[in-house]
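Right, one structure below, let's go through it.
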Amino acid sequence: MRYAQRMTNLGTETAFEVLARARRLEAQGRRIVHLEIGEPDFDTPRNIKDAAIQALNNGYTHYGPSAGLPDLREAAAEYIATDRGVTVDPAQVIVTPGAKPIIFFTALSLLDEGDEVIYPNPGFPIYESMIDFVGAKRVPLKLDEERGFAFDPDDLSRLVTERTKLVVINSPQNPTGGVLPQDVLDRLAKLAIENDFYVLADEIYSQIIYEGTHRSIYAIDGMPERTIILEGHSKAYAMTGWRLGYGIMPREMAAKVAKLMTNSNSCTCSFTQMAGVEALRGPQDSVAEMVREFRARRDLIVEGLNGIAGVRCHRPAGAFYVFPNITGTGRTSKEMENFLMEEAGVAVLAGTSFGEFGEGYIRLSYANSQDNIRLALEQMASVLS
Ligand code: PLP
């Protein structure tokens, strides 16, 4: 077959490749502790599952509107308005199968060839992939360990040109767990307004935060008309396999993204959306419980990693990842990924899976039990000593 040129520009997520390699070793009888995959190990709360079953029985088995069911658009608008302290109209909400399509649809609807996009590096690899795919120009913005993996606003300011169309931020962040402080958001907002660019604020981990409360750039004056919030149910409600996410965007853009939905998915699964309404409007204690458990695991893993020779681990304020600096071990990120898999039976990701500024780091997801985290730490300490 002769494939379209654009396919050569499409990237991927290496987490799935590492998972496949770990599974091959397991098939040979090896025990592997999985710290590579970014999904909560908790089950979807009972009330959400019950709402899906009820929806199935009540006939939510048909096509729905491309933009999403009115009930969920209203629930999402209400949730964002209350949580971020802003006003949101349900017409600004577009529901998608998982939150990932919001990245794709933002790129498709806003970017022309040659437009410049500034994005976090290390960062979620799909940003880079989508920028390349639509022929825009990627401009990586270095995240700084010394700043708790926030970026330096002066670095950002130097990267902005008249071709800058979009800046992507992610807070709390994958892969570092870093959270952007208010002063950094303020500087970004000022630059966005002065230079007339848009911001894609990936806030998928907004509820998984350990210090303070989540802050959104959307709450800053002048930003709602130039910000797209990416949100969804995958992480906070342990619903990765249900595929449910949404974007909040200016009304005019929402109409265009709804058209992209018509052309691609038609609509998001109807009974999943009704379960999503229950997630947002029902009891929230399971989220609080999950965050409590994640906090205990974070403390365990940070302490354990800092006790290993050559490893230095910043204590992240959100999400469920740590991004330790491994330069003291003398190994590169990729070498460390391979070494830990082969020698320690621990699956982690090289920091370079998240961009060139990830060199010198590895990512561990602590969406695994405390027992497994302890085992992984013991095995890592033993092979690295
Ligand atoms: N954004 C970030 C930063 C993520 O880590 C992920 C999932 O890993 C997503 C978006 C996509 O979420 P979903 O599974 O809902 O598509």
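The values are calculated or read from the model by the stated rules, or taken from the named source; none is laboratory data. Small disclaimer: the values here were computed from a predicted structure and weren't measured. Cβ coordinates were reconstructed from backbone atoms using ideal geometry, including for glycine residues, and neighbour counts include every protein chain displayed.
General remarks:
- Only one of 277, 291 that is in a helix (DSSP H, G or I) and either over 24 Å from residue 54 (Cβ atoms) or of a type in the set (Lys, Arg) (or both): 291
- Residue in region 303-317 that is under 24 Å from residue 82 (Cα atoms) and outside the structural domain of residue 208 (by TED's automatic domain parsing) present: yes
- Being of a type in the set (Phe, Trp, Tyr), under 26 Å from the mean Cα position of the chain (by Cα) and part of a helix (DSSP H, G or I) is a condition met by at least one residue of region 8-19.
- Test: residue in region 249-264 that is hydroxyl-bearing (Ser, Thr, Tyr) and either more than 19 Å from the chain's Cα centre (by Cα) or not assigned by TED's automatic domain parsing to the domain that holds residue 127 (or both): yes
Residues are listed down the side, and each one gets a yes or a no for (1) of a type outside the set (Ser, Thr, Tyr); (2) touching a residue at least 24 places away in the same chain (Cβ under 8 Å):
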residue	(1), (2)
223	yes, yes
227	no, yes
237	no, yes
244	yes, yes
252	yes, no
256	yes, yes
259	yes, yes
265	yes, yes
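- Taken as a whole, the condition of being closer than 30 Å to residue 11 by Cα, within 16 Å of the ligand (Cβ to nearest atom) and touching a helix residue (DSSP H, G or I) at 6+ places or on another chain (Cβ under 6 Å) does not apply to residue 102.
- Here residue 99 qualifies as surrounded by fewer than 24 Cβ atoms within 10 Å (Cβ to Cβ), at pLDDT 95 or above, closer than 27 Å to residue 38 by Cα and touching a strand residue (DSSP E or B) at 6+ places or on another chain (Cβ under 8 Å).
- Unmet requirement for residue 235, which otherwise passes all of (1) part of a helix (DSSP H, G or I); (2) crowded, with 20+ Cβ neighbours inside 10 Å: (1)
- The residues of region 207-225 that are touching a helix residue (DSSP H, G or I) at 6+ places or on another chain (Cβ under 7 Å), buried (at least 19 other Cβ atoms within 10 Å of the Cβ) and either outside any helix (DSSP H, G or I) or hydrophobic (A, V, I, L, M, F, W, C) (or both), listed by number, are 207, 208, 215, 216, 217, 220, 223.
- Filtered residue count, region 242-257, keeping only those that are β-branched (Val, Ile, Thr) and either in a helix (DSSP H, G or I) or more than 15 Å from the ligand (Cβ to nearest atom) (or both): 1
- Filtered residue count, region 357-385, keeping only those that are out of contact with any strand residue (DSSP E or B) (no Cβ under 7 Å at 6 or more places or on another chain), over 13 Å from residue 326 (Cβ atoms) and either not in a helix (DSSP H, G or I) or not small (Gly, Ala, Ser) (or both): 9
- Region 111-127: number of residues that are surrounded by fewer than 21 Cβ atoms within 10 Å (Cβ to Cβ) and either away from the ligand (no atom under 15 Å from the Cβ) or without any contact (Cβ under 8 Å) to a residue 12 or more places away in the chain (or both): 5
- For region 145-183, the tally of residues that are within 18 Å of residue 323 (Cβ to Cβ) and either in contact with a His (Cβ under 9 Å, 6 or more places away or on another chain) or without any contact (Cβ under 8 Å) to a residue 40 or more places away in the chain (or both) stands at 16.
Here is a yes/no grid of residues against (1) closer than 24 Å to residue 294 by Cβ; (2) away from the ligand (no atom under 16 Å from the Cβ); (3) at pLDDT below 95:
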site	(1), (2), (3)
155	no, yes, no
167	no, no, no
172	yes, no, no
183	no, yes, no
207	yes, no, no
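- Verdict on residue 85 being of a type outside the set (Lys, Arg), crowded, with 22+ Cβ neighbours inside 10 Å and over 21 Å from the mean Cα position of the chain (by Cα): no
- Selection from region 37-71 of residues that are within 16 Å of the ligand (Cβ to nearest atom), among the hydrophobic types (A, V, I, L, M, F, W, C) and more than 17 Å from residue 281 (Cβ to Cβ): 37, 42
- Hits in region 163-198 (condition: β-branched (Val, Ile, Thr), surrounded by fewer than 24 Cβ atoms within 10 Å (Cβ to Cβ) and in a strand (DSSP E or B)): 164
- Taking every residue in region 75-96 that is outside the structural domain of residue 220 (by TED's automatic domain parsing) and modelled with pLDDT under 95 and pairing it with any residue that is crowded, with 24+ Cβ neighbours inside 10 Å and not hydrophobic (A, V, I, L, M, F, W, C), at least 6 positions away or on another chain, yields no pair with a Cβ-Cβ distance below 7 Å.
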